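> Dropping the structure in here first, questions after.
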Amino acid sequence: MKQLETRSNKLIESILSFYEQIGIEIFVPKSKFNKNIELLKNNKQIDIINKDSSNIENKEKQINELEYSFKNIDGFNLKKTSSNFVKFSGNINSKILIVDGTPDIEEDKTGIPFVSQKGALFDNMLSAIEIERDEIFLIKSIPWRPPGNRYPTEEELKICRPFIFNLISLIKPKIIVCLGEVPTKQILGQDESILKVRGKWQLLKSETIYKNDVLKSELFVLPTLNISHLLTRPDLKKYAWEDVKLLKDKIKEIL
C-alpha cells in the first residue's frame, strides 16, 4: 500500500512540475489528492515517475494510475460538456504509439477510441501494412469532446500535455504517429496545416521542445491526417496511404 502511495505521489509531482514548466496555473480544490499534493510540495526529494522498472505489472499499474488521475482532473471545462472520458487502449509494451485528436460523437458516447466507421477505416489502414490494433497503443491528445466539435483551445492542450508526455515516458515508444493537427501541435509544438507537415518524419527531443526531463530519448514522429477527416474528405485518402507506407518502412527499419 505504501509503494502504491509513493507511485501516486511521484505521478502527481511529475504532472504539477510539468504544469509549472509550461506556465499553467491550476487550482486544485479539496479532494482525496490534497494530502498527496501537499506532501509533494514539501518534499523536494521525490523523483518523478520511476522509469527503471521493467516489471510489466508495475508498468500497467503506473499507466492505470496516470489514466485515473487524468480522468479525475478537477476543474477542466471539457469534462462538463462531454459524455465520457475516452480511455487509453492497446498494448502497453508496444513501440508504436498512436496519438489521436479529440473524440468524435461515437467515441464520446462509448468512451472507447476508434469505434464505428472511424474504427473500421483505421483498422483497414493498419491491416494494409499487416498490423493489428492490439499491437499498438492508442491515446487521445484530449480525451473529452469539445462542445460542437470545436477546435480545442491552447489552454486545453496545455492542461492535457503533461499527461500525454508522462504516458510516453511509461510506454517508451520508438515511433509516434500524430493523427491530425491537434496531436501534432501538442506533441511537436507545430501550429501549421496538417497538409503542410504530414508525411515527414520528425525527431522529438522533449528536453529541448518542452523542457521536460521525463523523456531523454529521441523518438520518430510522423504527422498525418485525422481519420475522421478522411471520412468526410475521401479524396485525401491517397495522402494518408502514402503516410501509412512511410510508417511501414520505418517499422521495418527500426523495430
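The values are calculated or read from the model by the stated rules, or taken from the named source; none is laboratory data. Since the structure is predicted, the reported quantities are computational estimates derived from the model, not experimental observations. We place every Cβ from the backbone using ideal geometry, glycine too, and count neighbours over all the protein chains shown.
> Looking at the stretch 142-157, can you tell me whether even one residue there is surrounded by 20 or more Cβ atoms within 10 Å (Cβ to Cβ), touching a residue at least 12 places away in the same chain (Cβ under 8 Å), out of contact with any strand residue (DSSP E or B) (no Cβ under 7 Å at 6 or more places or on another chain) and not in a loop (DSSP other than H, G, I, E, B)?
yes
> Report, by residue number, each residue of the stretch 215-252 that is among the small types (G, A, S) and at pLDDT below 95. Even if it seems obvious, please write down each step before you answer.
Going residue by residue through the stretch 215-252, those that are among the small types (G, A, S) are 217, 228, 240.
Of everything in the stretch 215-252, just one residue is among the small types (G, A, S) and at pLDDT below 95, namely S217.
> Moving to a separate point now. Looking at L126, is it assigned to a helix (DSSP H, G or I) and either hydroxyl-bearing (S, T, Y) or over 20 Å from N93 (Cβ atoms) (or both)?
no
> Could I ask something else about it? Can you name the residue in the stretch 168-193 that is modelled with pLDDT of 95 or more and in contact with a strand residue (DSSP E or B) (Cβ under 6 Å, 6 or more places away or on another chain) and, of all such residues, is surrounded by the fewest Cβ atoms within 10 Å (Cβ to Cβ)?
Ranking the candidates gives I175 first.
> Any idea how many residues of the stretch 67-95 are of a type outside the set (S, T, N, Q), touching a strand residue (DSSP E or B) at 6+ places or on another chain (Cβ under 7 Å) and not in a strand (DSSP E or B)? Before the answer, list the steps.
Going residue by residue through the stretch 67-95, those that are of a type outside the set (S, T, N, Q) are 67-68, 70-71, 73-76, 78-80, 85-88, 90, 92, 95.
Then drop every residue that is not touching a strand residue (DSSP E or B) at 6+ places or on another chain (Cβ under 7 Å), which leaves 86, 88, 90, 92, 95.
Pick out the ones that are also not in a strand (DSSP E or B) and you get 86, 88, 92, 95.
Residues that pass the stated criteria total 4.
> Restricting to the stretch 94-128, and then to whatever is under 22 Å from I168 (Cα atoms) and among the polar types (S, T, N, Q), can you tell me which residue is surrounded by the fewest Cβ atoms within 10 Å (Cβ to Cβ)?
Checked the stretch 94-128; the qualifying residue surrounded by the fewest Cβ atoms within 10 Å (Cβ to Cβ) is S94.
> Just to verify a result, which residue in the stretch 69-103, among those that are more than 16 Å from S141 (Cβ to Cβ) and of a type in the set (S, T, Y), is modelled with the lowest pLDDT?
By that ranking, first place goes to T81.
> Assess whether I131 counts as being at pLDDT 95 or above, buried (at least 17 other Cβ atoms within 10 Å of the Cβ), out of contact with any Ser or Thr (no Cβ under 8 Å at 6 or more places or on another chain) and part of a loop (DSSP other than H, G, I, E, B).
Details: at pLDDT 95 or above: yes; buried (at least 17 other Cβ atoms within 10 Å of the Cβ): yes; out of contact with any Ser or Thr (no Cβ under 8 Å at 6 or more places or on another chain): yes; part of a loop (DSSP other than H, G, I, E, B): yes.
Yes.
> Further question: So, in the stretch 68-122, exactly how many residues are among the acidic types (D, E), farther than 19 Å from I176 by Cα and in contact (Cβ under 8 Å) with a residue 40 or more places away in the chain?
Of the residues in the stretch 68-122, 2 are among the acidic types (D, E), farther than 19 Å from I176 by Cα and in contact (Cβ under 8 Å) with a residue 40 or more places away in the chain.
> Then there's this: Under the condition of being more than 14 Å from F163 (Cα to Cα) and crowded, with 16+ Cβ neighbours inside 10 Å, which residue from the stretch 69-91 is farthest from the chain's Cα centre (by Cα)?
S82
> Of the residues that sit in the stretch 46-63 and are surrounded by 14 or more Cβ atoms within 10 Å (Cβ to Cβ) and over 20 Å from the mean Cα position of the chain (by Cα), which one is modelled with the highest pLDDT?
Looking at residues that are surrounded by 14 or more Cβ atoms within 10 Å (Cβ to Cβ) and over 20 Å from the mean Cα position of the chain (by Cα), I get S53.
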